[in-house]
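Participant: Pasting in a structure now, in structure tokens, and then I'll have a few things to ask.
Values in this text are rule-based calculations from the coordinates and carry no lab data. Not measured: the values here are computed from a predicted model. Quick reminder, even Gly has a Cβ in these numbers, built from the backbone with ideal geometry, and neighbours come from all protein chains shown.
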Amino acid sequence: MEHDDEKRMSFTEHLGELRTRLIHSFVALAVAVVGCYVVSDYIFGMLSWPLRPLSESQVVTFEVVESPEDGDTIVAQQTSVQQSRADAIEWTVLNPLEYILVKIRIAGYGGLVVALPFILWQICAFVFPGLHANEKKVVQILIAGCSALAVVGVGVAYFGVFPLVLPYLLEWIPDYVNVQLRLNETLSIIIKGLVGFAIAFQFPMAVLILVYMGLLTPQTLKQYRKLALVGMALIAAVLTPPDPFSMMVMLLPLALLYESSIWMSYLVIRRKKK
């Protein structure tokens, strides 16, 4: 009976700790959501940055005029700025609540991103006491690797792909068509694209897990390297404008990730043997 009471007490303590961790996580998430709602306009400006032209081109013209007093010629310089169609976009909403709902969505997504490190820390603090030392190392490597790859994927999409693709698509719109972008739909496209790149860049971690489980080998990855590069090139060609530079912006990181996964798979196998 004493042994059962100790087990029941231990289980109760675990439930109490889990409840405390969950409360702390929800409080952190709520604070982050409120903070992001306050600065939601600034966050939307950051998210819509890829829609702006990368640079404004200046056209310098010279005009020769005569002075009315002495008849001397004067060379006057005039500078005009050519703006992209992407710089002339107008944001629209279709109902009175849409703008508020967009701000709430931004606050929800932003709050989750801001509070995610603290939530992961709470989860690890609850789970790690029941893991062995080697299991803790594996979990730490997975969390660090997935987080780093997600940041790299978002950075490639935000600074590399979107500034090329989105303004490029706007330039195809003829002049007689008025460019108006809906807040809700445009925000969804940008967020889905960022999340998609973050997920796509998890490929090396998925490969390492399969290698660790014995379902994949470095030799298999090397054997199908050419086929994988062709597949990645097709994906990059479909998702980017029809020019070599835009295609390489997306293909190069994917190819580097594939090669790095082969190299890291050897390290996983070597450590597993030890």
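Participant: Check THR92: other-chain or 5+ apart residues with amide H under 5 Å from its amide H, H built from backbone geometry?
Facilitator: LEU181, ARG182, LEU183
Participant: Can you give the extra length, in nm with one decimal, that the chain gains between VAL113 and LEU15 once fully stretched, where that is 0.36 nm per residue apart less the Cα-Cα distance?
Facilitator: So the chain would gain 32.6 nm between VAL113 and LEU15.
Participant: Sticking with this one: So how do 23-29, 251-257 stack up, highest first, on mean other-Cβ count within 10 Å?
Facilitator: 251-257, 23-29
Participant: Tabulate in residue order the Karplus-calculated ³J(HN,Hα) for the range 210-219, using 6.51 cos²θ - 1.76 cosθ + 1.60 with θ = phi - 60°, rounded to whole Hz; enter x for Gly and Pro.
Facilitator: For the range 210-219, the Karplus-derived couplings read 5, 5, 5, 7, x, 8, 8, 10, x, 4 Hz, x marking Gly and Pro.
Participant: Report the paramagnetic label zone for VAL27: residues of the range 119-151 whose backbone N is under 20 Å from a point 7 Å from Cα along the Cα-to-Cβ axis.
Facilitator: Within reach of a label on VAL27, which here means backbone N under 20 Å from a point 7 Å along Cα→Cβ, the range 119-151 contributes 119-127.
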